[in-house]
Amino acid sequence: MSDTIADRAVMTEVLGREAMGGRFRKLTAFDIRHTDRSGGNVEARRELLEGGRVVGVIPYDPVRDRLVLIRQFRLAAQIANGLGDMVELPAGGVETGETDIAAAIRELLEETGLTALALEVAFSFLPTPGLTTEFATIYLAIVDSDQVATLAGEDEDEEIAPFLATPEEALGACDAGFVHNGFAHAGLLWFARHGAERVKRLMEAR
């Protein structure tokens, strides 16, 4: 195979945009023109939720060999499959004027009660590019899980329940089809491939 397996840029022109509403996320209709695979031009209209930047955190306690996960109610999951109490990674949006790393530190504290003892970028991805412009950066954090909160969450309607699991338990739940959150799947699979090496490096750098 001669082509590198990688996302590529496409010549794209935004001809116009129309605000369609939305409160939590802006729904916008884009009229666009882009080149197709034969080199010609295609005009189309696409509706997207403008999501901005978000962060997620893989909190790991190397002393106890425990990951810190959370449970949180998600209406979309309840409607889609009847399983609204989702297993997730701590995650959230990057606020105006905030750096991604500051957002990761804040979200970890708000959703687990834990302070990152060491932190570094793991990977970035687009959770649902067919629906939203949301761009996520996932961090690996070293934590002391003995300090984990029983319940967490900053908003009045947000009740988050942190809990501990071994990496084997968490990955086994993914393999068994018990976990459906995309951030959790992506983060845990990354941890299975790279976690041991990256945790060792973070610990040595402290």
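The values are calculated or read from the model by the stated rules, or taken from the named source; none is laboratory data. None of the values given here were measured: they were computed from a predicted structure. Glycine gets a Cβ as well: all are built from the backbone with ideal geometry, and neighbour counts include every protein chain shown.
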Qualifying residue in the range 54-65 (condition: free of Cβ contacts under 8 Å to residues at least 24 places away in the same chain, surrounded by 10 or more Cβ atoms within 10 Å (Cβ to Cβ) and either out of contact with any His (no Cβ under 8 Å at 6 or more places or on another chain) or in the same structural domain as residue 162 (by TED's automatic domain parsing) (or both)): no
Picked from the range 1-59 (must be part of a strand (DSSP E or B) and of a type in the set (S, T, N, Q)), the residue nearest to residue 132 (Cα to Cα) is 28
Quick one: count up the residues across the range 174-185 that are of a type outside the set (S, T, N, Q) and touching a strand residue (DSSP E or B) at 6+ places or on another chain (Cβ under 6 Å). 3
Could you check the range 92-179 for strands (runs of 3 or more DSSP E) lying wholly inside it with 2 or more residues that are under 15 Å from the mean Cα position of the chain (by Cα) and more than 30 Å from residue 47 (Cα to Cα)? 118-125, 135-142
Restrict the check to the range 106-125 and report whether at least one residue is in the same structural domain as residue 58 (by TED's automatic domain parsing), touching a residue at least 60 places away in the same chain (Cβ under 8 Å), under 27 Å from residue 80 (Cα atoms) and not charged (D, E, K, R). yes
Top-ranked residue in the range 15-45 [being of a type in the set (S, T, N, Q) and surrounded by 12 or more Cβ atoms within 10 Å (Cβ to Cβ); ranked as farthest from residue 92 (Cα to Cα)]: 35
Answer yes if at least one residue in the range 67-82 is small (Gly, Ala, Ser), in a loop (DSSP other than H, G, I, E, B) and at pLDDT 95 or above, and no otherwise. yes
